[in-house]
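Here is the structure we will look at, set down as structure tokens.
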Amino acid sequence: MSANSSPKVVRVGIIGAGAVSDYHHVPGIRLDDRATLAGVCDADPNLLAKRKAEWKVDFATSDPLELCASPDVDAVIIATPNFTHKAIAIAAAKHGKHIMCEKPLGLSAVEVREMYEAARDNGVVHMTAFTYRFAPSMIYMSHLLKSGMLGEPRHFRSQRFLDWPETSWGWRQYQDKAGAGDLFDMTIHRIDFALDLMGPLKSVCGAVARFAPRTLTPDGKPCPPSNVDDWSSLIGEFESGATGVWEGTTLAKGYARDGFGHEWAEINGSEGSAVYRLHEPNTILLGKTGSDLAPVTVPAEYLKPLASPRNPSDGKPATVFRYDLMWEFVSAIREGRPAIPSFYDGLKAQLIADAVLESHAKRAWVDTPVPAR
């Protein structure tokens, strides 16, 4: 889509009116006068009615294909269960709608490849909701690395520890609906971090495990047990020769941190080390030989994209940077350029996540070539 043909105001429809949409997609739209919320879709009639009133939107439907076909919608956000993403995304692309989709994009790289090709071939902007790319300390870490200030990158390290209840995750705890558990829900974000910062992975060795049976709903009703992981890990070798280690779990007792959990992403370079932490996204830890890691405030120019309407001093730092996801999506549509991160980035991360499951099943290292465009 060319910039000249871009709509003056991007009319966005949200498919999936749950917590993630309410938490950062809708606030992101409200902040941006180049966008408007034009429609909402959800399978739950009670939630649909609630959001229609709360979000003050006239067009509400329980049929995602109706929203995708609407002439009053320019772009869609897909925030539905994982197993529904592919069909909705392909329908949206065929109707010429720009698409932002929550991660994982699909249940496997095969599905994600179909979604990517549909969006690519229909010429629509496509974006994967890898939210944490927009954290100020992550943006600054990328600058430090790419400017050479950390020297040659040698090691990448990621920890994502959450203290979640051991009750049912609903659809998220079943492989046929979610694809995988912690690996696809949380670790895939950190895989994307690493690929963006360090470049392609050459091979991985991974493992997953499940500890909580999750046979009760939060209100105490019985349900079928979970068959997805609640712990995931991998070791990776980058094409550059650098190494990486990832670990994620939802069962780390004592890691609540006001709901944000423990997030630690670290790069060790030949000249220095840098650490991003989710609960303090406006501060980075930096250290060199002869000095310990110490907090450094992220410079103002890295607190948000330059043209973003967001005020970095408003709201909780670990929440408000997420609004820039929508800013990037709308900007790409308006400017007639690819969004970052795209469905292709989602495909690259999905291939790695799939390789973790393959590695664990085979008890072997798995090669992870870069996918064709």
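Among the residues examined, residue 71 does not qualify as in contact with a helix residue (DSSP H, G or I) (Cβ under 8 Å, 6 or more places away or on another chain) and more than 15 Å from residue 26 (Cα to Cα). Please find, within region 220-244, the residue that is surrounded by the fewest Cβ atoms within 10 Å (Cβ to Cβ) out of those that are under 30 Å from residue 176 (Cβ atoms) and of a type in the set (Val, Ile, Thr). Here the residue is 235. Of the numbered criteria (1) closer than 24 Å to residue 163 by Cβ; (2) outside any strand (DSSP E or B), the one residue 289 fails is (1).
A search for C-beta distances below 9 Å between a residue of region 284-301 that is farther than 16 Å from residue 266 by Cα and assigned by TED's automatic domain parsing to the domain that holds residue 318 and any residue that is at pLDDT 95 or above and assigned to a strand (DSSP E or B), counting only pairs 6+ apart in sequence or on different chains, returns 297/283; 297/284. Over 25 Å from residue 318 (Cα atoms), in contact with a strand residue (DSSP E or B) (Cβ under 6 Å, 6 or more places away or on another chain) and without any contact (Cβ under 8 Å) to a residue 40 or more places away in the chain - does that describe any residue in region 165-180? For region 165-180, residues over 25 Å from residue 318 (Cα atoms), in contact with a strand residue (DSSP E or B) (Cβ under 6 Å, 6 or more places away or on another chain) and without any contact (Cβ under 8 Å) to a residue 40 or more places away in the chain: absent. Only one of the numbered conditions (1) surrounded by fewer than 20 Cβ atoms within 10 Å (Cβ to Cβ); (2) under 25 Å from residue 279 (Cα atoms) is not met by residue 162, and that is (1). For region 338-351, the count of residues that are outside any loop (DSSP other than H, G, I, E, B) and over 17 Å from the mean Cα position of the chain (by Cα) is zero.
Is it the case that residue 320 is touching a strand residue (DSSP E or B) at 6+ places or on another chain (Cβ under 8 Å), part of a helix (DSSP H, G or I) and closer than 22 Å to residue 12 by Cα? Spelling it out, it is not the case that residue 320 is touching a strand residue (DSSP E or B) at 6+ places or on another chain (Cβ under 8 Å), part of a helix (DSSP H, G or I) and closer than 22 Å to residue 12 by Cα. The residues of region 250-276 that are touching a helix residue (DSSP H, G or I) at 6+ places or on another chain (Cβ under 7 Å) and either of a type in the set (Phe, Trp, Tyr) or assigned to a loop (DSSP other than H, G, I, E, B) (or both), listed by number, are 250, 260, 276. If you go through region 70-83 and keep only what is farther than 17 Å from residue 338 by Cα and touching a strand residue (DSSP E or B) at 6+ places or on another chain (Cβ under 8 Å), you end up with 70, 72, 73, 78, 79, 80. Annotation note: Cβ proximity below 7 Å between a residue of region 309-336 that is closer than 23 Å to residue 278 by Cβ and a residue that is part of a loop (DSSP other than H, G, I, E, B) and of a type in the set (Gly, Ala, Ser) (sequence gap 6+ or interchain) occurs for 321/135; 324/308; 325/129; 327/308; 328/339; 329/339. In summary, residue 247 fulfils each of the numbered conditions (1) in a loop (DSSP other than H, G, I, E, B); (2) of a type in the set (Asp, Glu); (3) touching a Ser or Thr at 6+ places or on another chain (Cβ under 6 Å) with the single exception of condition (1).
None of 192, 185, 176 is within 29 Å of residue 253 (Cα to Cα), touching a helix residue (DSSP H, G or I) at 6+ places or on another chain (Cβ under 6 Å), charged (D, E, K, R) and part of a helix (DSSP H, G or I) except 192.
So is residue 306 hydrophobic (A, V, I, L, M, F, W, C), without any contact (Cβ under 8 Å) to a residue 12 or more places away in the chain and assigned to a loop (DSSP other than H, G, I, E, B) or not? Spelling it out, residue 306 is indeed hydrophobic (A, V, I, L, M, F, W, C), without any contact (Cβ under 8 Å) to a residue 12 or more places away in the chain and assigned to a loop (DSSP other than H, G, I, E, B). Collect the residues in region 62-85 that are closer than 24 Å to residue 111 by Cβ and without any contact (Cβ under 8 Å) to a residue 60 or more places away in the chain, keeping them in residue-number order. Passing the criteria: 62, 63, 64, 65, 66, 67, 68, 69, 84, 85.
Residues that are touching a strand residue (DSSP E or B) at 6+ places or on another chain (Cβ under 7 Å) and of a type in the set (Lys, Arg) occur in region 267-278; there is at least one. Mind checking which residues of region 62-78 are among the aliphatic types (A, V, I, L, M) and farther than 18 Å from residue 51 by Cα? If the condition is that a residue be among the aliphatic types (A, V, I, L, M) and farther than 18 Å from residue 51 by Cα, then 65, 69, 75 are the ones that fit. Just name the residue that is surrounded by the most Cβ atoms within 10 Å (Cβ to Cβ) out of those in region 26-37 that are under 23 Å from the mean Cα position of the chain (by Cα) and either more than 18 Å from residue 100 (Cα to Cα) or without any contact (Cβ under 8 Å) to a residue 40 or more places away in the chain (or both). Going through the qualifying residues, I end up with 26. Pairs are defined by a Cβ separation below 7 Å, a sequence spacing of at least 6 or placement on different chains, a first member in region 131-156 that is closer than 22 Å to residue 346 by Cα, and a second member that is assigned to a strand (DSSP E or B) and of a type in the set (Ser, Thr, Tyr); the pairs so defined are 135/276; 137/276; 137/283; 138/276; 141/276.
For region 312-333, the criterion of being among the charged types (D, E, K, R), more than 26 Å from residue 195 (Cβ to Cβ) and touching a Lys or Arg at 6+ places or on another chain (Cβ under 7 Å) is satisfied by no residue at all.
The values are calculated or read from the model by the stated rules, or taken from the named source; none is laboratory data. This is a predicted model, so every value here is computed, not measured. So basically every Cβ, Gly included, is an ideal-geometry build from the backbone, and we count neighbours across all protein chains shown.
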